[in-house]
Amino acid sequence: SEIQDGKEIEGLSPGAYEVYIQDSNGCSSEVQNIQIGEPDPISVSLGNDQQLNFEDAFTIEALINILISDVGDITWSDLNGILGVEDLVYSSIATEDNTIAVEIEDINGCIAIDEINIRVEEQDVEIYISNIFSPFSQDRNASFTIQNTASIERINAVYIYDRWGNLVYTQENVIPEESFEVWNGNFGDAPAEQGVYVYLIELMHENGNEAILVGDVTLVR
């Protein structure tokens with residue numbers, strides 16, 4: 001056995017120990033049996049996954065089961081890499097689906113990890129689609145257009161069908177300007193007949209979410 005001076009003994013491993021006190025005259029106390037158990041493992045929780053609207057502000061708090069003074073290192077990361085935050089709280093703006101993780105390392109080198117999924121709901125499509133146009137008109141209704149396209153990253157595809165279900169026009173992978181011409185009213189090189197046509201537009205928002213718009217437009221000649 002080893003005799004140590006002082007009231008505190010550090011660095012003992014888990015296990016059973018016999019402890020007694022010896023004074024300066026060599027007199028010893030009765031032996032006390034002490035059991036040192038395994039410490040509770042370090043844990044961290046970020047809570048439940050979150051579903052947010054586009055550009056919502058959000059905050060995630062890492063809940064730990066140790067004292068902050070016992071924390072050695074905090075590392076936050078997402079799908080794009082390390083976030084550079086060294087606190088137990090992380091705040092950001094929701095712009096796309098993401099997975100955010102935190103790694104907590106205590107002063108003894110023990111590590112705990114948790115992650116949370118952020119799902120961003122598709123933003124409202126704040127655009128205007130004309131429902132009637134005339135190719136011979138001298139005003140802005142001379143073609144079938146989409147207005148206010150600031151929220152749209154790309155038009156993936158446009159399909160125009162006549163009342164019998166025949167495809168009369170299509171285009172794909174277009175980066176829209178503020179006013180986007182969907183269709184000029186032609187079927188190939190010839191003017192399409194007057195009537196009601198059905199459109200199907202596949203688009204992608206700036207946040208990466210995709211949407212499909214379906215409706216009808218009247219062609220007047």
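Values quoted throughout were computed directly from the atomic coordinates according to the rules given, and no laboratory measurement underlies them. Please read these numbers as outputs of a predicted model, since none were measured by experiment. Every residue, glycine as well, gets a Cβ built from its backbone with ideal geometry; the counts of neighbours run over all protein chains shown.
Of the residues THR59, TYR20, TRP76, the one whose Cα sits farthest toward the positive end of the charge dipole of segment 1-121, with +1 on the Cβ of Lys and Arg and -1 on the Cβ of Asp and Glu, is TYR20. The Cα center of segment 1-77 and the Cα center of segment 145-221 differ in position by 64 Å. Rg of the Cα atoms in segment 128-219, relative to 2.2 N^0.38 Å, amounts to 1.04. Exposed loop sites here are chymotrypsin sites (Phe, Trp or Tyr not before Pro) in DSSP loop states with at most 12 other C-beta atoms within 10 Å. What is the longest stretch of the chain lacking them? Longest stretch, sites excluded: 21-135.
Within the chain, the proportion of Cα pairs with more than 32 Å between them is 54 percent. Taking each residue as 0.36 nm, the span from TYR128 to VAL19 lengthens on full extension beyond its C-alpha to C-alpha distance by 31.0 nm.
Projecting the Cα atoms of PRO176, ILE201, GLY215 onto the charge dipole of segment 128-219, computed from C-beta unit charges around the Cα centre, puts GLY215 farthest toward the positive end.
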